[in-house]
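The block underneath contains the structure these notes are about, expressed in structure tokens.
The values are calculated or read from the model by the stated rules, or taken from the named source; none is laboratory data. It should be emphasised that the depicted structure is a prediction, and the values quoted were computed from it without experimental measurement. Please note: Cβ atoms are built from the backbone with ideal geometry, for glycine as well, and neighbour counts cover all protein chains shown. Heavy atoms of the whole protein, side chains included, go into the accessibility calculation; ligands, DNA and RNA do not. Shrake-Rupley method; radii C 1.70, N 1.55, O 1.52, S 1.80 Å.
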Amino acid sequence: MQHVVHPLALHIQAVKRRLLIIGATVVGSLVLTFTFSSEMVAWLNRPFPNQLAFYGPTEALFASIKVSLLAAVILSLPVIFYQCWKFIEPALLPTEQRWAIPLFMIAGGLFALGLVFCNVVILPLVIEWFVSFGLDRDVTPQLSVGTYIDFNVKFLLIFGCAFELPLAMTLAAMTGFVSAHQFAQYRKHAILLCLIVSAVVTPDATLFTMLLMAVPLMALYEVGILGARMFGRNLTHSDVDLPLDPDLPINTAGTRVR
């Protein structure tokens, strides 16, 4: 008798296979990037004029691993996006498949743009402000490499993810889940949410760093509204107000055919 494999088991096997490919790619990239860890630490150390110190036997090692892991994930993004794409490809309609690859490319570009913006603009401002604050009080700055790298990596990841906001808003408008008018209508609520999120996710709870995070988030929200207006679906009153007959069939997109 022929053994029938359950579809759920096939999906689990596919997920495991693609996660193994992603994990192997990240580990291989980590081996490569670790050889350049000293250069990456020196690059992140640019805004700080003094030499970094370490106060534990393993602190310098783990700081190098942490910055190398961040670089390895960035280097592996094409493989990560490709594996995600191949997993969801069978579930997409042909028209949706045409959008998938450009969206993955835009997502990767926005993440990289967030990293560059944070490294070039935000981190120098933050580090210079904190160091100057201590120098004005006759305190000699002597930062540990572990704390410094952890501070930098957190900021880089936060801004990389934050720059995905316009894409997420545009996709929500394209699916008809929300409109650009609704985004604009709740702008005040979004500003308050940006301040709350900035206070929660920033590595330190100071007003200065919170504003450095909140202001770009507000600007990205406005970019998201613009994207929603350009590419979002135009919902009419008939789309919203017309009742649906429960006896009508459901099409492949999950909505009832009128």
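Some points to look at:
- Degrees, to the nearest 10: 94-117 long Cα axis against longest axis of the chain: 20
- Within the accessible area of the chain (1.4 Å probe), percent carbon and sulfur: 71
- Here the Debye sum runs over all C-alpha atoms of the range 12-110 as equal scatterers in vacuum, and log10 of I(q)/I(0) at q = 0.10, 0.13, 0.16, 0.23 Å⁻¹ comes out as -0.42, -0.62, -0.80, -1.16.
- The phi-based Karplus calculation (6.51 cos²θ - 1.76 cosθ + 1.60; θ = phi - 60°) puts the 3J(HN,Hα) values of the range 120-137 at 8, 10, 6, 4, x, 5, 5, 5, 5, 5, 5, 5, 5, 4, x, 5, 5, 10 Hz, whole numbers, x for Gly and Pro.
- Debye log10 I(q)/I(0) for the chain, one point scatterer per Cα, at q = 0.13, 0.18 Å⁻¹: -1.03, -1.41
- Value at 222 nm in deg cm²/dmol, rounded to 500, when DSSP H runs of n ≥ 4 in the chain each add -39,500 (n - 2.57): -23000 deg cm²/dmol
- Listed by chain and number, the lysines whose C-alpha is less than 17 Å from the C-alpha of residue 66, apart from same-chain residues fewer than 8 away, are 154.
- Peptides ranked, highest mean first, by Cβ atoms within 10 Å: ranges 155-168, 176-189, 67-80: 155-168, 67-80, 176-189
- Full-stretch length increase - residue 42, residue 186 - with 0.36 nm per residue and alpha-carbon distance subtracted: 47.5 nm
- Ratio Rg/Rh [Cα only; Rh per Kirkwood] for the range 106-208: 1.08
- Averaged over its residues, the chain has an accessible area of 63 Å² per residue, based on protein heavy atoms and a 1.4 Å probe.
- Net lengthening on full extension, residue 196/residue 84 (0.36 nm per residue, minus Cα-Cα): 37.2 nm
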